[in-house]
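*Asks:* Attaching a single structure in structure tokens format; questions to follow.
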Amino acid sequence: MHLSKQDEKALDGEFGSSLSVAYRILLAIGEATEAEKLVSIKWAHISGVNYNTIGDAGLKFLTEFSKDARVSVQTTLNPMGYDKHKKSIISDEFQNKQTSIVKSYMKMGILPSFSCVPYEIFDMPRKGTHVSFAESSAAIMANSMYGLLTNKESALSALASAITGKAPYSELHNEELRRPTAQVGVDTPLSNELDYGLLGYFAGNAISNSCVSLGCHGKDLNIMKAKSLSAALGTAGSCGMFTQEETNSEKIGFGKKEKDTVRDELNTTDNGDLIALGSPQLGINELELISKSVVGKKFSKPCMIFCPRAIFNEAFKLGIAQQIENAGGNLICDACTCLTPLITSDEYDGIITNSTKGSYYFNKFNRIPVCLKDLKTILKEHLK
Amino acid sequence: MIEYVKCKKIVGGVGTGRIVYTKYPLNFLSSVDAHTGVVSDPSHDLMGISLKNSILIFPNAIGSSVGAYSIFALKSYGVAPSGIICTIKVDITTASGCAIADIPLAQTIKGDQLQGLSDNSEAILDANNGSLKINKV
């Protein structure tokens, strides 16, 4: 990968150790993805915020890195572990360590958005803009639904791009490579967001290409379904984009049998004692949908609903947040269903959710069984 | 018997260890215990296997973008592989994690050369020179 003289100097440490580390990361990615050069980006979105996931090693790295690192483009942040404005079970030690991580990011000039759905709360740049998005679901949404150009970045590569303002020009940054080289043919009805999640999980497992053609587009693919699809696709594999563009590659079939197999893998209990919604975090349309269902009713089980604080504030102005909370829904900001320490196997025996991504991590990381259902069914069964 | 396999350098360095081979991708965040280096996903064929001081040969990483920090954590806790080889593609998570953890990383030029390896084989990954030297047992 070609580096300018300034880039070379930065790599050699002339402008500080953090910038040198950032270029070392970009160089490795450039080699891995066969990039010829670096390209300027307009926006970076960073993951690796939740202490539950990056731990003491990540905390230590960020403390050191933030001493002389400053972002050079708009940079937004993924969710952290909990909502600091709400009473919770989180230990003082966890809170102190989480606070230290957030301080490091803010010291670098990163906006504390604490959201895995930046496309729901920030103005989107025009199509064709180069960005660098970690958070696999957001990267796939950016590429597939908003026409932005990003690879499926890692927490560290997006951080490196935030500091340098550059990303390796390879794979999904290159318009010529944003064509599908694999395709999944859908032979079964996709009636709700869960079905799209199951399709995403299947496709992510089945292929390792950067861009996949899915025969599921059209008017029916709204943001809620696309979020579910993107999150599952990102969780199960390494693919960074889906499209409706056709390709000549062999079609991998996704029929009822495949859908049932994926559901059987992720649906590991018949019931649960907590309803958890929001992986990815919910947007205003999803909160509106819930608010319409709760009129005159109460949740029959504890219900945690995760959304960005910006969305909560909007919902509060509209009176939606109050409606949901009056029905017993616990709206939690700045965190996400996925990997939050608010949901542990000590507290809960089973989780009811519509999130395929959430289900994967509850089963594998939190070790809690999951009852996987679509949102309308969950609301119908658990609002009395 | 000693066998040499050519590979492409992604992150330089030299590492020595026993081979841990899998044909299945890994999610470093959810499937590997960062404190012990042991694969903890019951559905993975490496379940219970330690990656510590190994030459890990696997297709690519999948899933969470935070997996890069998980690779760094393995190194911080002294339980990381001595070297890593990707056989399908070097994904950004693995590349960036190895870059800050100083773990030699390479990509095989022909993935099928590595099939049928014994996990007991000792190997030296010389990423600088693009070679994997395997002492087959």
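*Asks:* Name the lysines eligible as straight-distance cross-link partners of A:K42: C-alpha to C-alpha under 17 Å, and not fewer than 8 places from it in the same chain.
*Replies:* A:K127, A:K152, A:K166
*Asks:* Follow-up. What is the Å³ per residue value for the convex hull set by the Cα atoms of the range A:179-264? Before the final figure, lay out the partial values.
*Replies:* Working: hull volume 6.9 nm³, N = 86.
Per residue, the Cα convex hull of the range A:179-264 comes to 80 Å³.
*Asks:* In the structure displayed, which of A:K256/A:K373; A:K84/A:K227; A:K225/A:K380 lie more than 23 Å apart, Cα to Cα?
*Replies:* On the way: A:K256/A:K373 16 Å; A:K84/A:K227 26 Å; A:K225/A:K380 19 Å.
Flagged as over cut-off: A:K84/A:K227.
*Asks:* What spacing in nm lies between the two simple spin-label points modelled at A:T99 and A:Q6, each 7 Å away from Cα in the Cβ direction?
*Replies:* 3.9
*Asks:* Between A:K37 and B:Y24, how high is the FRET efficiency from 1/(1 + (r/R0)^6) when r is the Cβ-Cβ distance and R₀ = 51 Å? Nearest 0.05. Can you show the working numbers first?
*Replies:* Numbers: r = 34 Å, r/R0 = 0.66.
My answer for the efficiency is 0.90.
*Asks:* Under the 0.36 nm per residue contour assumption, what length would be gained going from the current alpha-carbon distance of B:N135 and B:H35 to full extension?
*Replies:* Working: separation 100, 0.36 × 100 = 36.00 nm, distance 2.91 nm.
Between B:N135 and B:H35, full extension yields 33.1 nm more.
*Asks:* Another question about this same structure. Across the range A:287-302, in residue order, what do the Karplus-derived ³J(HN,Hα) couplings come to in whole Hz, using 6.51 cos²θ - 1.76 cosθ + 1.60 with θ = phi - 60° and x for Gly and Pro?
*Replies:* For the range A:287-302, the Karplus-derived couplings read 5, 4, 4, 5, 4, 5, 7, 8, 3, x, 10, 10, 5, 7, 9, x Hz, x marking Gly and Pro.
*Asks:* Roughly how many nanometres apart are two label points built 7 Å out from the Cα toward the Cβ at A:D260 and A:K87?
*Replies:* With each label placed 7 Å out from Cα toward Cβ, I get 4.8 nm.
*Asks:* Simple spin-label model, 7 Å along Cα-to-Cβ: A:T377 to A:D273 in nm?
*Replies:* 2.3
*Asks:* Taking H placed 1.01 Å from N in the peptide plane, check which residues at least 5 places from A:T75 or on another chain put their amide H under 5 Å from its amide H.
*Replies:* Hits under the 5 Å cutoff: A:A44, A:L111.
*Asks:* Follow-up question, since we're still on this one. When a/c reaches 1.5 or more, the comparison of a/b and b/c decides; with that in mind, is the range A:46-87 rounded, prolate or oblate per its Cα gyration tensor? Present the calculation step by step, with values, prior to reporting the outcome.
*Replies:* Details: a/c = 2.24, a/b = 1.36, b/c = 1.66.
Oblate shape, in that a/c is at least 1.5 and b/c is the bigger or equal ratio.
*Asks:* Above 26 angstrom, tally the Cα pairs of chain A and express them as a % of all pairs, no decimals.
*Replies:* Tail fraction, whole percent: 52.
*Asks:* Using only alpha carbons, build the gyration tensor for chain B and give me the equivalent ellipsoid semi-axes, biggest first, whole Å.
*Replies:* Values: eigenvalues 86, 50, 37 Å².
So the equivalent ellipsoid measures 21, 16, 14 Å along its semi-axes.
*Asks:* Hey, with R₀ at 41 Å, roughly what FRET efficiency would A:L289 and A:S17 work out to, going by the Cβ-Cβ distance, to 0.05? Could the numbers behind the result be given before it?
*Replies:* Values: r = 48 Å, r/R0 = 1.18.
About 0.25, to the nearest 0.05.
*Asks:* Can I ask one more? When a/c reaches 1.5 or more, the comparison of a/b and b/c decides; with that in mind, is the range B:27-102 rounded, prolate or oblate per its Cα gyration tensor? Numbers along the way, then the final one.
*Replies:* Details: a/c = 1.29, a/b = 1.09, b/c = 1.19.
It comes out rounded by the Cα gyration axes.
*Asks:* With a/c under 1.5 counting as rounded, go ahead and sort the range A:179-322 into rounded, prolate or oblate using the C-alpha gyration tensor (a ≥ b ≥ c being the square roots of the eigenvalues; past the cut-off, prolate if a/b is larger than b/c, else oblate).
*Replies:* Details: a/c = 2.44, a/b = 1.78, b/c = 1.37.
Prolate shape, in that a/c is at least 1.5 and a/b is the bigger ratio.
*Asks:* Give the total of Lys-Lys pairs in chain B with Cα-Cα distances below 18 Å; include a pair only if its members are 8 or more places apart or on different chains.
*Replies:* The result is 15.
*Asks:* Take the range A:267-382, drop everything but the C-alpha atoms, weight them equally and run the Debye formula without solvent; then report log10 I(q)/I(0) at 0.10, 0.15, 0.24 Å⁻¹ to two decimals.
*Replies:* Normalising to I(0) and taking log10 leaves -0.25, -0.58, -1.42.
*Asks:* Let me ask another. Within the range A:11-89, report the trypsin sites (Lys or Arg not before Pro) that DSSP leaves as loop and that have at most 15 other Cβ atoms within 10 Å. Before the final figure, lay out each step's value.
*Replies:* On the way: sites: A:R24, A:K37, A:K42, A:K60, A:K67, A:R70, A:K84, A:K86, A:K87; in loops: A:K37, A:K42, A:K67, A:R70, A:K84, A:K86, A:K87.
When the trypsin sites (Lys or Arg not before Pro) of the range A:11-89 are filtered for loop state and at most 15 Cβ neighbours within 10 Å, A:K37, A:K42, A:K67, A:R70, A:K86, A:K87 remain.
Laboratory data are not the source of any read-out in this text; all were calculated from the coordinates shown. What you are looking at is a predicted structure, and each value in this text was computed from that prediction instead of being measured. Cβ coordinates were reconstructed from backbone atoms using ideal geometry, including for glycine residues, and neighbour counts include every protein chain displayed.
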